[in-house]
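Reading through the structure tokens given below for one structure.
Every number here is computed from the coordinates shown, using simple stated rules; none is lab data. Keep in mind the model is a prediction, meaning the values are calculated, not measured. Quick reminder, even Gly has a Cβ in these numbers, built from the backbone with ideal geometry, and neighbours come from all protein chains shown.
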Amino acid sequence: MKSKTIIILLLITGALYLGGRYVYYGSLTRNCIYTENKLPVPEQLIKGKIVIAKDAYLAVGIDKEYSCLKNFGSIDRKIVGPESINNLTVGRRYFTNKGLAIETLKIGASFRVADVIAVTKHGLTTIDSGSGPIYYLILKDQNNISYKIATVSLGPNKEDLFLSFIDSSQTTNSSSIKLLSPDSFDETADYEGENSLKYTGKLTELSGTYLESTEPQWKKLADRLERGEKFTIIVYIDLHDDYFKEIKLSDNPGERSGQVARIQDEFLKKIPGNLILRDVEKDKWQPYISMEANLNLLDYLIDNQVELKIKTMAELIKR
């Protein structure tokens, strides 16, 4: 009787284990919630090249979430659109929290499309994110280094587009730039067919002047610092507390200056000690602070804009 009970318990345990694996992984044998399928590259893409038309970024490193995939998981350079890094609430921390480093990908960098990989999610975790698949262009640079970018990440809006496509069989108009967008592709879930990812040929034509105008002010300041320029920035601290309640400044000069000083001191205390602060000046009546700009400081202020309660930041023009 005991032997029968033990066998039944073992069978129940085994069934629960296998059932749990199937629910989580979507498979009894696979140890990864993702699967990958390598697809043919659309012929039109093979004939051309992809060029960075507006400064973008690279998330460098192995993303542990996808490390279980043999091909896709080994690609350690993900091209990230500027709108992702410029997001005030998440920004680059979404990637750095995963242990990935962020690098700038400059205008003019060019690539060829080497592969297309469809990544599909399985099991319990598809409840909140869906199964996909997500289609990725696998690009290679002149040194044969691989990069990846999802077709859905090519830019949600016109002002977010940053990758141009140059078809070698077509003449180019130097006054406009033809950019890829999610509409440039028609996706199907037919992995067996050769047209699983179709290139529609739809490109958005924009001028270089327009692309430059879509860059945030802080990015233009960062570019100037990289060129070796020196200037002062002024930071305007937002007058709201941690509960988003507006802080009213007193009309009494003595009380007002004390309020402003406390707000400024609280701001400066949040700046890490390893960042260099030079020529710091505080306005007596308004929550302004000016300081000499440097690239590390600027990056920190942008990445932590919400926590630091920065309302605006710009170059200080001294008269």
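Just flag the GluC sites (Glu not before Pro) in the stretch 184-288 sitting in loop per DSSP whose Cβ has no more than 12 other Cβ atoms within 10 Å. Don't skip to the end; give the middle numbers.
Working: sites: GLU187, GLU192, GLU194, GLU205, GLU212, GLU226, GLU229, GLU246, GLU255, GLU266, GLU281; in loops: GLU192, GLU194, GLU229.
Here the GluC sites (Glu not before Pro) that fit, given the DSSP loop and packing criteria, are GLU192, GLU194, GLU229.
Summarised as an ellipsoid, the stretch 191-306 has semi-axes of 42, 20, 15 Å, derived from the eigenvalues of the Cα gyration tensor scaled by 5 and square-rooted, with the largest first.
Shape class for the stretch 279-319: oblate, because the ratio a/c of the largest to smallest gyration tensor axis (alpha-carbon atoms, square roots of eigenvalues) is 1.5 or more and b/c is at least a/b.
Classification of the stretch 219-258 by its C-alpha gyration tensor yields an oblate form. The axis ratio a/c (a ≥ b ≥ c) is 1.5 or more, and b/c is at least a/b.
Can you sort THR214, THR209, THR96, THR35 from fewest to most other Cβ atoms within 10 Å of each residue's own Cβ?
On the way: THR214 17, THR209 8, THR96 14, THR35 20.
Ordered by Cβ neighbours within 10 Å, fewest first: THR209, THR96, THR214, THR35.
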